[in-house]
Each structure stands twice: as C-alpha cells, then as structure tokens.
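J.: Dumping the structure here so I can ask a few things about it.
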Amino acid sequence: MSMNKVKLSQIIRDFIITLDTDDYVSNASDVVIRNFALRGIREIGFDLGKKIKSIKVSVESNDTITLPDDFVDISKLGIVGSDGIIRAMNMNGNLNYSRKYEVDSAGAATNETQNSEEEPLNIEANIVKDRQDDKTSTGTSSDADDFNAFIFENYIFQGGTGRLYGVGGGSSPGEFRVNLDQNRIEISANTDFTSLVMEYVADEARSTDPEVHVYAEEALRCYIYYKLCERKTTVPANEKARARTEYYNERRKANARLSHFTKDEALKTIRKNFMQAPKF
C-alpha cells in the first residue's frame, strides 16, 4: 500500500471506534457501515480520485477486446511503438459493429420483422448476429474515406520545400468503439494488432480491500455518517441536514487538495496552442 493511501478496512475500524453509545448511529451493524463505505468510494472516487489502470490486452480474432471486470470507462487505447511511446487510437462512435442479419442460401432474410399493428415483434427470431472473424467492408470507400489517407511528403523531410508549419493532429493507428452491451471494445477492421495497451477508469470498490487517498479519507467518513443518519427515522431533521452539509464541505476540501492546477500550469496550457501557423 502506498503511503498516501488508507485501506477501507482501517477507515471502517476507526469510524466504529469513534462512535459513542449515545450517537444517533451507534447501533449500526458492521455490514451496513461497510456497504455505505463502498458506495462512498464510488461516489467520491469517480469525481475526485479516479483509479486509473494501464494494462496490456490481447486482441481477439474478430478484432475485439474483452473489458476487465472492474472496467468503468475508457481513457486511452493504443499501440506501443519501438521507442516505447504509446500511439493512441481514436474513439469513433460511428464505427460499424460488423454484425450481420441471418440469410438463407438465396440471400433473403430468414426471419422477417413483423408489423407491430399485426402482431408483436419476435425478438428472438429477428436477432442480429454477432460480428464475424473475417470482417470486410460492406461497401466501396467514398471520396471522404480517401481524403483521410493523404500523405504529405515533406512531413518526413524527403527533400520537399517547407516543413508543414503547425501541422495539426488527427492521425492515429486505428479507431475503436466501446460496446458495453457485449462487454468489449471493437476496433476498426483495417488493423492487424495482436495486443494493445489500455488505460481505463477502474471501480476501486471491487477490490478486496479498497484504498482511499488520505485527502478523501475524512470525506468518506462524513459520507458514511450522513447516509447512516439519512436512513434512520429517529434522527432529527436538523442533524441530517448538518451531516449532509459537513459531508459536502469535506468533499469540496478534498477536491481542492486533489486538484493541482496551478497558475504556471494554466499558462502552459494556454501557450502550448500558440504556433507560427496561418490562421483562418
């Protein structure tokens, strides 16, 4: 465990020890306290201290990647170059899932979608099949597709005049789309990668004994107390309001401590986009 993290089991033990017999939540069970603690890790962690994991993943034969069990959201996906630098792929929400509708030998659909006015749609009979291992394009490329393949010779210093002042980005080794329904990532068909590096937001609450940053420790304690008070009808309304206010105050303090955006970083962010390129 790193020195700036506190295990959840330790936070729960400390919370129980500090409860007095006359506290409003003194009779709360350990199971209930742990349940609210896990919910608090998700509530606070996803906004203040995301757990970022970076792993090497294998690409299946149908160009898919199975999502990890603790996957929440994608951060980056890319390939590792010979220089050790990761080239990130672009996310494309319009990427074709490459599924197919079942057809007979004559090419006609074996199951016809029923008119809703006549009878209900048979979901099982009209299911769309999963993508095949041998993905192919469903049509010819358009001029727009060809436009994305332009190569500038002087970009790689082959004797051309000029050096592409302020050339923009947009080039990537491929594209991908997250398919939560199938619990996988699907990458474009024109790639032949066998493995990729994925950086993603992980659900820390799925760990055996999750860890919390010390800056967010007090916010988690206040969250547990606030939720315990909220569910009990014997707790006065003013105490529930006080517990809620204290939690959000501690949450704001944790957010301020975990945010390291200084004046110098703000200037660097502004200045990095200044370039000697023609502007429209």
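J.: Return only the number of the condition from (1) assigned to a loop (DSSP other than H, G, I, E, B); (2) buried (at least 16 other Cβ atoms within 10 Å of the Cβ); (3) within 19 Å of the chain's Cα centre (by Cα) that residue 181 does not satisfy.
T.: Exception for residue 181: condition (2).
Residues are listed down the side, and each one gets a yes or a no for (1) modelled with pLDDT of 85 or more; (2) in a strand (DSSP E or B); (3) surrounded by 12 or more Cβ atoms within 10 Å (Cβ to Cβ):
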position: 62; (1), (2), (3): no, no, yes
position: 72; (1), (2), (3): yes, yes, yes
position: 76; (1), (2), (3): yes, yes, yes
position: 84; (1), (2), (3): no, no, no
position: 97; (1), (2), (3): no, no, yes
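J.: A follow-up question, please. Take residue 56 and decide whether it is more than 30 Å from residue 233 (Cβ to Cβ), modelled with pLDDT of 85 or more and not β-branched (Val, Ile, Thr).
T.: Working: more than 30 Å from residue 233 (Cβ to Cβ): yes; modelled with pLDDT of 85 or more: yes; not β-branched (Val, Ile, Thr): yes.
The answer is yes for residue 56.
J.: Of 200, 248, which residue is of a type outside the set (A, V, I, L, M) and outside any strand (DSSP E or B)?
T.: 248
J.: Please go through the range 205-245 and pick out each residue that is part of a helix (DSSP H, G or I), within 27 Å of residue 23 (Cα to Cα) and basic (Lys, Arg).
T.: Hits for the range 205-245 are 221, 227, 231, 240, 242, 244.
J.: Also, quick follow-up: Picking from 19, 48, which residue would you name as being at pLDDT below 85, crowded, with 16+ Cβ neighbours inside 10 Å, of a type in the set (A, V, I, L, M, F, W, C) and under 21 Å from residue 230 (Cβ atoms)? Outline the logic, then answer.
T.: Working: 19 fails: at pLDDT below 85.
Matching residue, one of 19, 48: 48.
J.: Out of the residues in the range 184-216 that are of a type in the set (Asp, Glu) and surrounded by 18 or more Cβ atoms within 10 Å (Cβ to Cβ), which is farthest from residue 60 (Cα to Cα)?
T.: Applying the first criterion (of a type in the set (Asp, Glu)) to the range 184-216 yields 186, 192, 199, 203-204, 209, 211.
With the extra rule that they be surrounded by 18 or more Cβ atoms within 10 Å (Cβ to Cβ), the set shrinks to 186, 203-204, 211.
Details: 186: 10, 203: 24, 204: 27, 211: 33 Å.
Of everything passing the filter in the range 184-216, 211 is farthest from residue 60 (Cα to Cα).
J.: Also, quick follow-up: Given 221, 252, which one is surrounded by fewer than 14 Cβ atoms within 10 Å (Cβ to Cβ) and modelled with pLDDT of 90 or more? Show your work before the answer.
T.: On the way: 221 fails: surrounded by fewer than 14 Cβ atoms within 10 Å (Cβ to Cβ).
So the residue among 221, 252 that is surrounded by fewer than 14 Cβ atoms within 10 Å (Cβ to Cβ) and modelled with pLDDT of 90 or more is 252.
The values are calculated or read from the model by the stated rules, or taken from the named source; none is laboratory data. Please read all numbers here as calculations on a predicted model, not as lab measurements. We place every Cβ from the backbone using ideal geometry, glycine too, and count neighbours over all the protein chains shown.
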